[in-house]
Amino acid sequence: LGLHPRKGPLSVYMAKTEGEPEVDNDAIRRGIRREPLILADASDAISTEMARSVPVVPHSWVLRHPEVAALSCNLDGLAVYDAETQAPVEAKWQGSWARKDWQSYAEEGAPPPGSYVECHYIQVQAQLAVTGLSHAYLAGDCDAKFYLIRVERDLSLIDAIVTQVSAFWETPNSSSVAIAL
């Protein structure tokens with residue numbers, strides 16, 4: 001959608017056609033190692049909210065949108081309320097530099113425009129587009145403070161995501177897509 005602070009349309013295209021370049025640094029490794037802990041914290045917080053146990057299980061399968069094959073996602077975890085009700089859980093680990101944005105989202109109910117948290121919010125909306133589920137959770141460990149934000153399905157944003165993904169991959173003139181993004 002052209003909102004990521006470090007990735008433009010060309011890097012998205014290259015990642016999807018040539019494979020994501022292997023990025024390996026200390027921060028990424030720490031974030032990956034912390035993901036199960038963040039999912040466990042999310043399970044505890046959701047269970048407290050629901051006043052009953054709600055496990056958050058890791059989910060490693062690639063899911064695809066039923067009508068737009070180019071729209072796919074991997075879920076970090078899935079909150080399982082019962083056999084019929086689930087919610088994606090996206091786990092994020094970020095340092096103190098992002099705490100103000102997480103706090104703002106938790107207090108205001110909307111991610112700050114132009115922030116990484118806004119990118120995470122859009123990622124979760126894309127997961128809701130693919131899964132068809134009604135809500136998800138954005139779980140963040142930010143500078144040793146845990147945030148769990150329930151994200152409701154936003155149909156207008158989901159429609160925009162589906163339209164942009166379709167246009168990105170189906171438009172023969174890629175320069176017009178780059179401008180639209």
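The values are calculated or read from the model by the stated rules, or taken from the named source; none is laboratory data. If you're wondering where the values come from, they're calculated on a predicted model, not measured in any experiment. Surface accessibility is based on the protein's heavy atoms, side chains included, excluding ligands, DNA and RNA. Shrake-Rupley method; radii C 1.70, N 1.55, O 1.52, S 1.80 Å.
General remarks:
- Between the helical axis of 99-108 and the longest alpha-carbon principal axis of the chain there is an angle of about 80 degrees.
- Contour minus Cα-Cα distance for W169 and T48 (0.36 nm per residue): 39.3 nm
- Principal-axis tilt of helix 9-18 within the chain, Cα atoms, nearest 10 degrees: 80
- Carbon + sulfur, % of accessible area of the stretch 47-173 - ligands and nucleic acids excluded, 1.4 Å: 52
- From phi via Karplus (6.51, -1.76, 1.60), per-residue ³J(HN,Hα) for the stretch 75-86 in Hz, x at Gly/Pro: 9, 5, x, 9, 6, 10, 6, 6, 4, 10, 10, 9
- Contact order relative to length of the stretch 10-135, as percent, for alpha carbon pairs under 8 angstrom and 6 or more apart: 20
- Diffusion constant of the chain at 10 °C, which comes from Stokes-Einstein with the Kirkwood Cα-pair radius and 1.306 mPa s, µm²/s: 92
- Share antiparallel - DSSP beta bridges, the chain, percent rounded to 5: 75
- Solvent exposure of the stretch 67-181 amounts to 47 Å² per residue of accessible area, where only protein heavy atoms count and the probe is 1.4 Å.
- Rounded to the nearest 10 degrees, the angle from helix 26-50 to the longest Cα principal axis of the chain is 60 degrees.
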